[in-house]
1. Quick check on the exposure proxy: order 42, 129, 8, 137 from fewest to most C-beta atoms within 10 angstrom.
2. Where Rh is the Kirkwood radius over the Cα pairs of segment 1-75, the temperature 25 °C and the viscosity 0.890 mPa s, what D in µm²/s does Stokes-Einstein return?
3. Assuming R0 = 22 Å, what is the FRET efficiency of residue 10 and residue 72, from their Cβ-Cβ distance, to the nearest 0.05?
4. Per residue, how big is the convex hull of segment 89-132 when only Cα atoms are used? Give it in Å³.
5. Please compute one quarter of the surface area of the Cα convex hull for segment 94-158 and express it in square nanometres.
6. Given points 7 Å out from each Cα along the Cα-Cβ axis, report the residue 112 to residue 32 separation in nanometres with one decimal.
7. Equivalent ellipsoid semi-axes for segment 23-160, as square roots of 5 times the alpha carbon gyration tensor eigenvalues: give them largest first, rounded to whole Å.
8. Gaussian network model of the chain, Cα springs within a sub-10 Å range: biggest mean-square fluctuation belongs to which of 87, 78, 18?
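Read-outs throughout are calculated quantities, based only on the coordinates presented, and are distinct from any laboratory measurement. Because the structure is predicted, anything quoted here is derived from the model rather than measured. Cβ: placed from backbone, ideal geometry, glycine included. Neighbour counts: every protein chain shown.
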């Protein structure tokens, strides 16, 4: 399935994204110029199920960081997992791919693995969202082109 995901938007997926599912976010631009802002200068992509943030993927330019985390509805954020983003994007057009292996997510930037994230909430994604910190500029384009695949076989065959 194909979607256009705009900033500050949440989209309900037509089909849940579960084990062996793949979601690809494509951006027409990439701005990794570090900000001098004192607040988090970030763009986020979220995989959601009801009030649960199954996967929170955040690019923090000021900190040169890729941050991943999870949040249960009504709960607290877990410990952040952080990696540097420098050198991880080929750009200027960039692709973020998330592959659900059942017990963990494989996160790829421009088709190169940057992180494996052990799932803390074992549910299928039913919606996605895209956001930025208040008053900050975008890391990625607005909108993002999003394609979901029910399996690796469907991804390889090129069916959306």
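1. 8, 137, 129, 42
2. 172
3. My answer for the efficiency is 0.80.
4. 98
5. 5.6
6. The modelled label-to-label distance comes out at 0.9 nm.
7. Equivalent ellipsoid semi-axes, largest first: 22, 19, 13 Å.
8. The residue with the greatest mean-square fluctuation here is 87.
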